[in-house]
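Comments concern the structure below.
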Amino acid sequence: MLPRFYPILDVDTVLRRGLSVRDVAREIVSEDVRILQFRHKGFFSRQILADLREIAAMCGESGAMLVVNDRADVARLIGASLHLGQEDLRPSEARRIMGADALIGYSTHNEEQLRSAAQEPADYLALGPIFGTASKRNHDPMVGVEELRRLRPLTDRPLAAIGGITRANARIVIEAGADSVAVIGDLYPERGGVGERVREWLDLVER
């Protein structure tokens with residue numbers, strides 16, 4: 001089962017806020033989260049890889065599962081789990097790189113993709129964007145809460161909802177059938193620390 005709270009460390013968002021990737025990761029994992037996704041859509045430089053290795057060590061010490069977005073090669077290199085999008089390798093292809101025991105997630109955005117994902121060896125699925133989101137350029141059409149509720153019975157796999165989810169709307173998303181809420185923007189407050197925001201999320205959906 002996926003943890004109810006699924007924080008995503010989005011490198012672009014962190015840097016845009018003038019924050020340090022490693023410092024933010026440290027704040028998140030120090031709050032006893034059970035999963036953390038590292039999301040980087042740009043060039044995977046040596047510095048980014050060094051940051052990721054350090055974050056992998058932090059997750060190892062805290063017991064949090066580290067998930068790398070998109071890059072099966074990088075995930076395999078550092079011993080992390082993997083999350084794939086519709087434009088990445090298919091889970092069946094990534095399995096050849098990751099091995100049979102690795103956790104693989106797979107994003108979907110509509111009924112057709114959710115049904116098609118049933119043929120793929122993914123351990124969990126994501127569906128979104130549930131609401132409008134600023135963290136992804138040219139994002140797919142909004143799914144909405146009622147469509148989430150309608151589509152939920154189409155899969156028996158753990159389902160993470162993503163896209164514009166905040167502390168204000170997380171409860172209705174969970175009530176509509178999401179096992180987990182993936183959070184990007186509402187993880188990084190304009191004022192105050194990330195760790196404090198993570199505690200608020202844990203109190204809201206996990207405790």
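The values are calculated or read from the model by the stated rules, or taken from the named source; none is laboratory data. Since this is a predicted model, take the numbers as computed values, not measurements. All Cβ positions, glycine included, derive from the backbone under ideal geometry; neighbour counts span all protein chains shown. Calculation scope for accessible area: heavy atoms of the full protein, side chains included, ligands and nucleic acids excluded. Shrake-Rupley method; radii C 1.70, N 1.55, O 1.52, S 1.80 Å.
List of remarks:
Condition check ((1) closer than 19 Å to D32 by Cα; (2) open to solvent by less than 50 Å² (accessible area, probe 1.4 Å)) across all residues:
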| site | (1), (2) |
| --- | --- |
| D140 | no, yes |
| E147 | no, no |
| L151 | no, yes |
| I165 | no, yes |
| N169 | no, yes |
| G177 | no, yes |
| V183 | yes, yes |
| E196 | yes, no |
| V205 | yes, yes |
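- Filtered residues of the range 4-25 (kept if in contact with a helix residue (DSSP H, G or I) (Cβ under 9 Å, 6 or more places away or on another chain), outside any helix (DSSP H, G or I) and touching a residue at least 24 places away in the same chain (Cβ under 8 Å)): R4, F5, P7, I8, L9, D10, R17, L19
- Put simply, of A178, A182, A161 the only residue that is more than 13 Å from the chain's Cα centre (by Cα), of a type in the set (G, A, S) and under 19 Å from N110 (Cβ atoms) is A178.
- Enumeration of residues in the range 119-138 that are among the small types (G, A, S), open to solvent by 20 Å² or more (accessible area, probe 1.4 Å) and either at pLDDT 95 or above or under 15 Å from P7 (Cα atoms) (or both): S135
- Each residue in the range 17-35 was checked for being touching a strand residue (DSSP E or B) at 6+ places or on another chain (Cβ under 8 Å) and either farther than 22 Å from D203 by Cα or open to solvent by 50 Å² or more (accessible area, probe 1.4 Å) (or both), and 2 pass.
- In the range 26-42, the qualifying residues are those that are in a loop (DSSP other than H, G, I, E, B) and among the acidic types (D, E), and the one that is modelled with the highest pLDDT is E31.
- For A100: the one exception among (1) touching a His at 6+ places or on another chain (Cβ under 9 Å); (2) in a loop (DSSP other than H, G, I, E, B): (1)
- Some residue of the range 128-135 being on the phi > 0 side of the Ramachandran plot, in contact with a helix residue (DSSP H, G or I) (Cβ under 8 Å, 6 or more places away or on another chain), of a type outside the set (S, T, Y) and part of a loop (DSSP other than H, G, I, E, B): no
- Meets criteria (under 23 Å from L187 (Cα atoms), modelled with pLDDT of 95 or more and surrounded by 16 or more Cβ atoms within 10 Å (Cβ to Cβ)) for A56: yes
- Residues in the range 60-97 that are of a type in the set (G, A, S) and either assigned to a loop (DSSP other than H, G, I, E, B) or surrounded by fewer than 21 Cβ atoms within 10 Å (Cβ to Cβ) (or both): G60, S62, G63, A64, G79, A80, S81, G85, S92.
- Sole exception among (1) at pLDDT 95 or above; (2) touching a Gly at 6+ places or on another chain (Cβ under 6 Å); (3) in a loop (DSSP other than H, G, I, E, B) for A168, by number: (2)
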